[in-house]
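Bear in mind these aren't lab numbers, they're just calculated from the coordinates by the rules spelled out. Note that the structure is a prediction, hence the values are computed from the model and not measured. For neighbour counting, all protein chains shown are included, and Cβ atoms are generated from backbone atoms with ideal geometry for every residue, glycine included.
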């Protein structure tokens, strides 16, 4: 098999709409799980908001649940996908700087884990920005 054949096979497989949707689902998975968990454990959601100094906690918890679930559904359903992706990109970036301030922590395992999570969340932010960019380009080209 030559590289052209491999590339064509990969392009036809990865280019399938189902593969694209599964990729979007993977990108949204943590937000779907977080929104569902917060919905079924609203007391825990309030505790999380309080822990991060977001008061009054209950309205912040509701807003986060609506954002996580609503924006994820927008992305997966293709309904103003760009807007849902931008919303989760901004949310992720803000939450990352709020919750994963590794630079304030003493050296050690906790700092190491927070630093890794910080940069992983920057990667998620970049992924959502790419989704928004692609969707806006498709809209501008009249392909959606």
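Structure values in brief
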quantity: Footprinting exposure proxy for 48, 134, 120 (fewest neighbouring C-beta atoms within 10 Å first); calculated: 120, 134, 48
quantity: Chain lengthening between residue 120 and residue 95 when straightened (0.36 nm per residue, less Cα-Cα); calculated: 7.8 nm
quantity: From the coordinates shown, Rg/Rh (Cα atoms, Kirkwood Rh) corresponds to which of (1) 1.07; (2) 1.31; (3) 0.95; calculated: (1)
quantity: Nearest-ten-degree value, helix 81-99 long axis tilted from longest Cα axis of the chain; calculated: 40
quantity: Region 81-144 and region 57-78: distance between their alpha carbon centers, rounded to Å; calculated: 15
quantity: Potential lengthening between residue 51 and residue 10 on full extension [0.36 nm per residue; Cα-Cα distance subtracted]; calculated: 10.2 nm
quantity: Relative contact order %, region 13-132, counting alpha carbon pairs below 8 Å whose residues are six or more apart; calculated: 23
quantity: Sequence of 81, 20 once ranked by neighbouring C-beta atoms within 10 Å, starting from the fewest; calculated: 20, 81
quantity: Exposure proxy ranking, count of Cβ atoms within 10 Å, fewest first, for 50, 5; calculated: 5, 50
